[in-house]
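J.: Can you keep this structure in mind? I'll have questions shortly.
The values are calculated or read from the model by the stated rules, or taken from the named source; none is laboratory data. If you're wondering where the values come from, they're calculated on a predicted model, not measured in any experiment. Quick reminder, even Gly has a Cβ in these numbers, built from the backbone with ideal geometry, and neighbours come from all protein chains shown. The accessibility values were calculated without ligands, DNA or RNA, using every heavy atom of the protein model including side chains. Shrake-Rupley method; radii C 1.70, N 1.55, O 1.52, S 1.80 Å.
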Amino acid sequence: NTLAGDDTISLPAGAYTLTIAGFSENDAAIGDLDVKGNLAITGAGAAATIIDGNSSVTGDRVLHLLSGNVAITGVTIRKGNPNADGGGIFNQSASTVTVTDSIISGNTGTRGGGIFSETTLTLTNSTVSGNTTTGSGGGIYNGGGTLTLVGSAISGNNAAGSGGGIQKSAFSIMLTLINSTLSGNRADDSGGGIFSAGGSIDLYSVTIANNTADNDGDGGGDGGG
C-alpha cells in the first residue's frame with residue numbers, strides 16, 4: 001500500500017495464517033489484509049497456497065479491498081469471520097476484482113459469507129463453497145456493479161436469510177453465469193441457489209441443482225424479489 005504503481009505478491013506453497021487481533025482498521029496493521037492499490041496476489045495453486053483468516057484469533061475477515069484493480073490467482077481463502085459483511089473477501093470499493101483458479105471456503109459474514117462485492121467482480125475456474133452468512137448471500141452477496149462467473153462452482157453454502165448461493169441486491173447491475181454450477185446451497189428464506197432483488201441475470205450453460213429454500217421461502221433454485 002505504501003508504493004505507487006502496480007504491485008505483485010507471489011506466495012509459494014504454504015499456509016499463511018493471520019495472527020494479529022483487531023477489526024475496523026484499514027491499513028493492514030491488525031486483523032485482515034487491507035488492499036489500497038493495484039495488486040496481483042499469485043499463489044502456487046489453491047491446493048497449495050492458503051491464506052487463513054484465523055478469525056477465532058483475529059476476529060476479522062481475510063481480505064478487505066478498498067481501491068485499485070485486484071487480481072487473485074491460485075490461492076485458497078478461508079476462515080474469515082468479521083461479524084460484518086464479506087467473511088472471505090470484502091470488495092468495498094476496488095475498481096475491478098478478478099479471482100482465478102482459487103477457492104473461497106469456510107468463511108462467515110453477516111452478508112456474503114464468502115464474498116461481498118460492491119463493484120466489478122469476475123470469478124474464473126474458481127469455487128465458492130462451505131461459506132455461511134447470518135443474513136443473505138451464503139456464497140456471494142452482489143451488492144453493486146457486476147458479477148460474472150465463468151467455469152466456476154458455488155456449492156454447499158448456507159444463508160440464514162435469502163440467496164443460499166448468491167444474493168443479487170437491487171443495486172447490482174448484472175449477474176452473468178457461464179459454464180458454471182450452483183448446487184447444494186441452502187437458504188432459510190428464499191432462493192436456495194440464487195435470489196435476485198432486481199436487475200438482469202444471464203445464464204449460459206449453467207447447472208442449478210439440489211438447492212433448498214426453507215421456512216416457507218420461495219425458489220429452491222432461483223427466487224425473485
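J.: Please check which bits of segment 35-70 a label hung off Ile173 would reach, taking the label as a point 7 Å along Cα-to-C-beta and the cut-off as backbone N under 17 Å.
T.: So the set is 68-70.
J.: On to the next question. So, with +1 on the Cβ of K and R and -1 on the Cβ of D and E, and no other charges, what is the size of the charge dipole of the chain about its Cα centre, to the nearest 20 debye?
T.: 240 debye
J.: Mind listing the phi-derived Karplus ³J(HN,Hα) values for segment 136-151, rounded to whole Hz, using 6.51, -1.76 and 1.60 with θ = phi - 60°, and x for any glycine or proline?
T.: 10, x, x, x, 9, 10, 8, x, x, x, 10, 10, 10, 10, 10, x
J.: Out of residues 5 or more away from Asp60 or on other chains, whose amide H comes under 5 Å of its own, with H placed 1.01 Å from N in the peptide plane?
T.: Under 5 Å from the amide H of Asp60 lie the amide H atoms of Asn81, each far enough along the sequence or on another chain.
J.: Could you state how much accessible area Asp7 has, in square angstrom rounded to the nearest 10, with a 1.4 Å probe and all protein chains kept in place?
T.: It works out to around 50 Å².
J.: Let me ask something else. Rg and Dmax of segment 46-143, using alpha carbons, in Å: what are they?
T.: For segment 46-143, the Cα-based Rg and Dmax read 11.6, 31 Å.
J.: Just to make sure I understand: if all protein chains stay in place, what is the order of Phe195, Phe171, Phe116, Phe23 by accessible area at 1.4 Å, largest first?
T.: The ordering from most to least exposed comes out as Phe171, Phe23, Phe195, Phe116.
J.: Can you compute 3J(HN,Hα) from phi for each residue in segment 114-124, using the Karplus curve 6.51 cos²θ - 1.76 cosθ + 1.60 with θ = phi - 60°, rounded to whole Hz and x for Gly and Pro?
T.: Values per residue, Gly and Pro as x: x, 9, 10, 10, 10, 10, 9, 10, 10, 10, 10 Hz.
J.: Sorted by accessible area with a 1.4 angstrom probe, largest first, how do Tyr141, Tyr204, Tyr16 fall?
T.: Output order, biggest surface exposure first: Tyr204, Tyr16, Tyr141.
J.: Only Cα pairs under 8 Å and at least 6 apart count here; give the relative contact order of segment 11-94 as a rounded whole percent.
T.: Rounded, it is 32 percent for segment 11-94.
J.: OK, next. Work out the length of the dipole vector of segment 90-224 about its Cα centre, built from +1 on the beta-carbon of each Lys and Arg and -1 on the beta-carbon of each Asp and Glu, and round it to the nearest 20 debye.
T.: 240 debye
J.: To continue, here is another question. What figure in square angstrom, to the nearest 10, would you give for the accessible area of Glu25 with a 1.4 Å probe?
T.: Approximately 40 Å² for this residue.
J.: Next question, about the same structure. Evaluated at 37 °C with a viscosity of 0.692 mPa s, what Stokes-Einstein diffusion coefficient in µm²/s does segment 1-80 have when Rh comes from the Kirkwood expression over alpha-carbon pairs?
T.: 257 µm²/s
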